[in-house]
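For reference, the structure is listed below as structure tokens.
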Amino acid sequence: MREPRVLDKIIEVKNVTKVFDDTTVIDELNLSIRRGQFITLLGPSGCGKTTLLRMIAGFVAPTSGNIYIEGQDVTTIPPYKRPVNTVFQKYALFPHLNVFKNVAFGLKLKKVPCGEKLNSKGEKVEQFRKFTKEEIEQKVNRALRLVGLEDYGHRDVNSLSGGQQQRVAIARAIVCEPKVLLLDEPLGALDLKMRKEMQIELTKMHRELGITFIYVTHDQEEALTMSNVVVVLNDGLIQQIGTPKQVYDEPANAFVADFIGESNIISGTMIKDFSVKFLDTVFVCEDKGFAKNERVDLVIRPEDIDVFPENSEQGQLTGTVLSAVFKGTYYEMEIEANGYEFTVQSTTEARPGQKVKLLIKPNGIHIMKKLRTVNEFVGEVSGENTVDFCGGSFEIPTTLEKGTPVKVYVPFDAVELTDDEEDGEIGANVTHVLYKGSYYQVQIYTDTDEDFYIDTTDEWDIDDRVGVKINKSKIRLEVIAHEEESDEN
Amino acid sequence: MNKKLSLILRWAFLIIVLVAIYLPIALIVVYSFSAEKNIGSENGFGEFTFSLYSQLFQNSQLMEATLNTLIIGVVSALLATFIGTFTAVGLYYMRKGKKTVNFISQITVVNAEIVTAVGFFLLSIFIRDVLSIPLNKGIGWLIVAHTVLTTPYVILSVGPRLNQLNPNLYEAGLDLGAGPMRSLFTVVMPQLISSMISGFALAFTLSLDDFVVTNLNKGTGGVNTISTFVYANLKRNLDPSIRALSTIIFVIVLAVLIVFNIVKNKKQKAAQVG
Amino acid sequence: MKIKKLLKRGNDFRPTFFAFPYVLICIIFVVLPLVLVLVYAFMDDGGGFTLTNFVEVFTKDNLLLLLKTLGIAALTTVLCLLIAYPTALILASKPFNRYVILALMFIIPMWMNFVLRIIALRSLLYMIGVDYGFAATIIGMVYDFLPFMLLPIYNVLMEMDKSYMEAATDLGANSFLTFFKVTLPLSLKGIISGITMVFMPVFSAYAITGMLGDTNTTIIGGKINGLFEMTSTWGVGSAMSFVLLILVFLTMLLGNVFSGKGDNKPLAKGGANE
């Protein structure tokens, strides 16, 4: 992306961290938003997107870092003095006021400059006045017309439908002519049809008003259809910033690939530039610049796999169709090849049980760096052949002295999850499950607030309570030199 | 048959309890129209007369006590309503310390009233003697005591209503340019009106009913409420016009409750229709 | 400037400050008085530390008084429960549960000044020839506190999910068994709430013993009040208040333990305060 000019940045978030009760919700986040953009903050619930929005609005203060609006540091400026307005998730209309009064609420408080005047010391002082009744009426009616509710001014807000309440909330925010409109999952409470309609209208409004929209959602389709820029967030970190096309076609990592659109995510190895090996097969790809034999994740979109008959010359993999569903313009099929279950969308019909050839072209393979290749924790040798970390005590053969701080490396495949928490050394909750073809990558969260990544063939559900058992022979220890101690965190 | 019998028995039980509750009040109401000094004397009812009512309004001490009761009740209930509502809003947004504040405010609710009374008494001594701030125990001090005594009940009344509100309402006010105070008054408080009214009613009745705290904190200046005046004059000659006062208070309570229930029913019906 | 920034750093825009005035009020008017009670309890005339106040508290006479007060409180509580529970049970059963106004009739007197109500009862008792003394005192206590026992039990029974009882009958339990195995345990929270609203307040209700009792029915609340009417006995009064305070906390603890046991989920809102 071209580096935007300084003046173009309407909002800048610099090194912002937010910690709620010892949980880091936003982690050293940096983000610039250009004037006039429709930017979406996209991510699963709990990823920090709403917190980020609320920090821009001023309801939540960053633990550290700064937020700038038009170059001015607003970090400590209260919400009522910021040139932004919010459309809240559940509208938050004032129940005791009718539609007109709801929309007029902000205008009645607003002061506009009305020329300068000399004060007693002879200095020029800017004068402010309030809007007149007529001006307010005019502006409110214009805003109501924009959202298609011009005849609803006198109506009680409680008598309106969800969609209409949503429109009032939008009118109430835009009538104040904010520099940035913040929308917090505004369509979440609407039904599908209404949501589609509002999506189109919001894009239209954005064009007409020409102001910056920051839109928070967990719905990837909403993000891709409406915005110029998508910011994908997870665990308080930006995973990727890009146009909808960029995040879809060139996901930066397995998380983005999995979260946006349907995808086949497979572990592989870069043999050399433009050559990647996965499922025991070498494929030509368009990526380079990885280390030799670097382990990578790669994503193949269902529509990027071509299906050919078994006897065809084409195709690199041979597979068996497990299921096939006609979806109107294409068939969605589950095809197993070399132990991996591909999701395939193709116009070629194939029946379950049929053998087929699969062709994956170089531009259909997107290589991504692995997020993490090994679990890394800080622990301490607690006795003869025992090491404490993650709130548990593990027997690991070691010659180190008691009390020695160590780094503990646990490979993804060294961990076994058990149904019964009692069977494991420590307990944890499953927070994320990613299917990688022949196995699942499960992310768990321990009671001591640590993340574990585990490769397993068992299927787990999010929020499952599990016990964690570790294969001790695969654990590697490394003594932490004292000066490095503060390195962690 | 068995079912019918059970119904009759249950009615009978309720009626017996109700009669026991209302018999004393009925007696007072009836005898408020008799000029007899003592109820149940050999003279019986005597003749029907309103003389106790006119006598009541001529009893300046009793009138003053009634006025004091009303002033203390209204002012302390108003203060308690405002402080309690503010506090409930603050507590709603509080993360840390909420439990502590709630606990302390509940002390006044669960504590033995006599201990609270003693506490206020000693505090007045502390203010006067240790801090050397001239403090005239009297209506002002009683208003303070009653406000502190009744504020927790307002918090208990307003708090649950706050929990039902859209949590973003206050923020929406801020977002549209209203400062914290303005947002509280123009956005949040209008939603709390009905719970504030019931909080006020509760605080007011508790203040009217109070005897123990008032008795120990009214000072020596002769400030009396109805409760303390009646109690103090019990041993001497209690003016029979107290029966007229009781009747008037009972009728007012009844009227207020009836009006309140009619309004409530109308509102509910309107809500069902709309 | 820097300090201001530091203060604001990391503080979300939550209007917790609305609760600050009340926190201050609590410190001055709730916590400080209790501290003063403590100070006076352990202070001699010269301002030094002493335990003599407590020696004077734990005399044979005072222990007897405490025991008597406990007895009166316990008797009042039991009698209130025996009248209030069946009443609440009937009011919450079909067809009575349709008429909220009927239940309201039982608590209307609560809104009337209690001294006036006791005066009314006194007249009635005089008329039917009951002498002032122990029996009259107990009748007065029950008369005054009955609504406070009735209300929480009634609320719990009304909010109780009737399907529990239906389920029990469905499973073959007769009405007797249903009551003891289902209704009673589920209404325990209301009972506890009622008990706490009657038992401890009786300790302070010396106005009732004053109006209906004789020299034998003095209770500890009256004794403490009397000790503060003379300057020389504040220390003993404070020590006695302190003992009462401990008692309050003990009963609170006991109540929590019991209501914890009866804490069944559907009744989370049960045992409403007022």
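No value in this document is a laboratory result; all are computed from the given coordinates. This one's a predicted model, so the numbers in the text were calculated from it and none came from an experiment. Note that each Cβ is placed from the backbone with ideal geometry, even for glycine, and that neighbours are counted across all protein chains shown.
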* **Farthest toward positive dipole pole in chain A [+1 Lys/Arg, -1 Asp/Glu at C-beta], among A:Ile11, A:Tyr152, A:Ala324** => A:Tyr152
* Of all the C-alpha pairs in region B:48-113, what % are more than 14 Å from each other? -> 74
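What helices does chain A have that are whole DSSP H segments, at least 15 Å long along their own axis by Cα, and with mean Kyte-Doolittle hydropathy of -1.0 or more?
Details: long enough: A:99-109 (17 Å, 1.06); A:133-146 (20 Å, -1.16); A:162-174 (18 Å, -0.13); A:192-209 (25 Å, -0.94).
Membrane-span-like by this rule: A:99-109, A:162-174, A:192-209.
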* Asked: Suppose R0 equals 45 Å; then what is the FRET efficiency for A:Thr448 and A:Lys272 from their Cβ-Cβ distance, rounded to the nearest 0.05?
  -> 0.60
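Among the helices of chain B (complete DSSP H runs), which have Cα atoms covering no less than 30 Å along the helix axis and a Kyte-Doolittle mean of at least 1.0?
Going by DSSP H runs, the hits are B:2-31, B:60-93, B:242-273.
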* Structure fact -> Rounded to one decimal in nm, the spacing of the 7 Å Cα→Cβ label points at A:Glu177 and A:Val112 is 0.6
* **Alpha-carbon radius of gyration plus Dmax, which is the widest Cα pair, for the protein assembly as shown in Å** => 37.4, 125
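About the Cα centre, and with charges only on the beta carbon of Lys, Arg (+1) and Asp, Glu (-1), how big is the dipole of the protein assembly as shown? Nearest 20 debye, please. All intermediate terms of the calculation are to be shown ahead of the outcome.
Values: 96 positive and 105 negative charges, 1037 e Å.
Once rounded to the nearest 20, the dipole reads 4980 debye.
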* Per residue of C:219-225, what is the mean number of Cβ atoms on other protein chains within 10 angstrom of that residue's Cβ? -> 4
* Asked: Mind checking the mean number of beta-carbon atoms from other chains within 10 Å of the Cβ atoms in B:162-172?
  -> 6
* Structure fact -> Cβ density ranking, 10 Å radius, fewest first, applied to B:Lys267, A:Lys110 yields B:Lys267, A:Lys110
* Tell me, rounded to the nearest percent, the portion of alpha carbon pairs in region C:1-133 spaced more than 19 Å apart. => 79
* Asked: If the chain between B:Asn163 and B:Leu67 were fully stretched, how many nm would it gain, using 0.36 nm times the residue separation less the Cα-Cα distance?
  -> 30.8 nm
* Give me the Kirkwood hydrodynamic radius of region A:334-375 in Å, from all C-alpha pairs, to one decimal place? -> 13.1
* Helix-derived [θ] at 222 nm for the protein assembly as shown: sum -39500 (n - 2.57) over DSSP H runs of at least 4, divide by residue count, nearest 500? -> -14500 deg cm²/dmol
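Return a whole-number percent for the relative contact order of chain B, with Cα pairs under 8 Å and 6 or more residues apart as the contact set.
Working: 246 pairs, mean separation 82.5, N = 274.
RCO, chain B: 30 percent.
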* Asked: Dimensions of region A:192-269 along principal axes (Cα, Å, largest first)?
  -> 49, 26, 21
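Find me the longest stretch of chain C that has none of the exposed chymotrypsin sites (Phe, Trp or Tyr not before Pro), where exposed means in a DSSP loop (not H, G, I, E or B) with at most 14 other Cβ atoms within 10 Å. Numbers along the way, then the final one.
On the way: sites that count: C:Phe58, C:Tyr99.
Looking at chain C, C:100-274 is the longest stretch - no exposed chymotrypsin sites (Phe, Trp or Tyr not before Pro) with at most 14 other Cβ atoms within 10 Å.
If you take the alpha carbon radius of gyration of region A:9-249 and divide it by 2.2 N^0.38 Å, what ratio comes out, to two decimals? Intermediate values should be presented prior to the final figure.
Values: Rg = 18.9 Å, N = 241, 2.2 N^0.38 = 17.7 Å.
Computed over Cα atoms of region A:9-249, the ratio equals 1.07.
With both bridge residues required to lie in the protein assembly as shown, what share of the DSSP beta bridges run antiparallel, to the nearest 5%? All intermediate terms of the calculation are to be shown ahead of the outcome.
Working: 109 of 127 bridges.
Counting only bridges with both partners in the protein assembly as shown, antiparallel ones make up about 85 percent.
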* To do: Towards the positive end of the charge dipole of region A:332-401, with charges on Cβ (+1 Lys, Arg; -1 Asp, Glu), say which of A:Gly379, A:Cys390, A:Val356 has the farthest Cα.
  => A:Val356
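If I take R0 = 41 Å and measure r between the Cβ atoms of A:Glu416 and A:Asn158 in this structure, what FRET efficiency does the formula 1/(1 + (r/R0)^6) give, to the nearest 0.05?
Numbers: r = 55 Å, r/R0 = 1.33.
The value I calculate is 0.15.
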* Largest-first principal axis extents, alpha carbons of chain B, Å -> 75, 71, 35
* Asked: If you put +1 on each Lys and Arg Cβ and -1 on each Asp and Glu Cβ, how big is the dipole of region A:285-368 around its Cα centre, in Debye rounded to 20?
  -> 100
* Structure fact -> Computed from every Cα-Cα pair in region C:52-261, P(r) in 5 Å bins starting at 0 and rounded to whole percents is 1, 7, 13, 16, 16, 14, 12, 9, 6, 4, 2, 1, 0, 0
* Using all C-alpha to C-alpha distances in region A:285-368, build P(r) with 5 Å bins and read off the rounded percent in each one. => 3, 15, 24, 23, 15, 10, 6, 3, 0
* Structure fact -> If unit charges are put on Cβ atoms (+1 for Lys and Arg, -1 for Asp and Glu) and the dipole of region A:9-249 is taken about its Cα centre, the option from A:Thr24, A:Gly46, A:Gln166 lying farthest towards the positive end turns out to be A:Gln166
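Quick test of the membrane-span-like rule: which DSSP H helices of chain C reach at least 18 Å along their long axis (C-alpha atoms) with mean Kyte hydropathy at least -0.5?
Working: long enough: C:60-91 (45 Å, 1.63); C:114-127 (19 Å, 1.70); C:134-159 (37 Å, 1.44); C:188-204 (25 Å, 1.56); C:234-261 (40 Å, 1.61).
Sorted by number, the helices that extend far enough and score high enough are C:60-91, C:114-127, C:134-159, C:188-204, C:234-261.
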* Estimate the FRET efficiency between A:Asp463 and C:Phe54 by the formula 1/(1 + (r/R0)^6), using the beta-carbon distance for r and 45 Å for R0, to the nearest 0.05. => 0.20
* In Å, what Rg and Dmax follow from the Cα atoms of chain A? -> 27.5, 95
* To do: With a point put 7 Å past each Cα toward its Cβ, work out how far A:Thr347 is from A:Lys370 in nm, to one decimal.
  => 3.9
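Once you average over the residues of B:47-60, how many Cβ atoms of partner chains fall within 10 Å of each Cβ?
Numbers: counts 0, 0, 0, 0, 0, 0, 0, 0, 0, 0, 0, 0, 0, 0.
Taking the mean over all residues of the peptide, I get 0.
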